[in-house]
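A.B. asks: Got a structure for you, questions after.
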Amino acid sequence: MTKMIFVNLPVADLQPSMAFYEALGFTNNPQFTDETAACMVWSEAINVMLLTHDKWRTFTDRPIPPSSASEVMLAISCDSRDAVDAMNEAAAANGGTADINPAQDYGWMYDRNLADPDGHVWEAMWMDMEAANAAMT
């Protein structure tokens, strides 16, 4: 089996959260979606499981952090600088928050941070690996 990652996120309202992630370019996998959870696919190896608060609580008794907290920052690669900008703009237009931290532009790497409607932080980033390797040598 190919190694995969399933990022599990508690969400207050499943349908708007699904629409938000679809607007960012994720697709829904109906095989793992019902009224309590949705599997949103970024790539063959990366999936985000959106779980209603009730569903989340079946996995842990730990409290769900408030939307103003940052439990993690999930970095996700994009194909270009324009794709990073487009993801940030889509976040703002679909219930999320754009540019929750200042954009970073190193020339060979560019990133902008956004938050989904529940405050989960994503770092949309693009990197020119050839230029990155040259910059680090």
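No value in this document is a laboratory result; all are computed from the given coordinates. Every value quoted in this text rests on a predicted model; they were computed, and no experiment measured them. Reconstructed Cβ throughout: ideal geometry from the backbone, glycine too, with neighbour counts over all protein chains shown.
Listed here are the residues, each with its yes/no results for (1) among the polar types (S, T, N, Q); (2) part of a loop (DSSP other than H, G, I, E, B); (3) in contact (Cβ under 8 Å) with a residue 60 or more places away in the chain.
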site: Asn8; (1), (2), (3): yes, no, no
site: Asn28; (1), (2), (3): yes, no, no
site: Asp34; (1), (2), (3): no, yes, no
site: Leu51; (1), (2), (3): no, no, no
site: Lys55; (1), (2), (3): no, no, no
site: Thr60; (1), (2), (3): yes, yes, no
site: Pro66; (1), (2), (3): no, yes, no
site: Ser70; (1), (2), (3): yes, yes, no
site: Ile76; (1), (2), (3): no, no, no
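A.B. asks: Within region 53-85, which residues are of a type in the set (Val, Ile, Thr) and either surrounded by 15 or more Cβ atoms within 10 Å (Cβ to Cβ) or within 12 Å of Gly119 (Cβ to Cβ) (or both)?
C.D. replies: First, the residues of region 53-85 that are of a type in the set (Val, Ile, Thr): 58, 60, 64, 72, 76, 84.
Those that are of a type in the set (Val, Ile, Thr) and either surrounded by 15 or more Cβ atoms within 10 Å (Cβ to Cβ) or within 12 Å of Gly119 (Cβ to Cβ) (or both): Ile64, Val72, Ile76, Val84.
A.B. asks: Report, by residue number, each residue of region 61-81 that is more than 15 Å from the chain's Cα centre (by Cα) and more than 24 Å from Asn28 (Cβ to Cβ).
C.D. replies: Across region 61-81, the qualifying residues are Asp61, Arg62, Pro63, Pro65, Pro66, Ser68, Ala69, Ser80, Arg81.
A.B. asks: Can you find, within region 112-137, the residue that is farthest from Leu9 (Cα to Cα) among those that are touching a helix residue (DSSP H, G or I) at 6+ places or on another chain (Cβ under 8 Å) and among the aliphatic types (A, V, I, L, M)?
C.D. replies: Met125
A.B. asks: In addition: Being under 11 Å from the mean Cα position of the chain (by Cα) and either in a strand (DSSP E or B) or surrounded by fewer than 19 Cβ atoms within 10 Å (Cβ to Cβ) (or both) is the filter here, so list the residues in region 86-116 that pass it.
C.D. replies: Correct list: Asn113, Leu114, Ala115.
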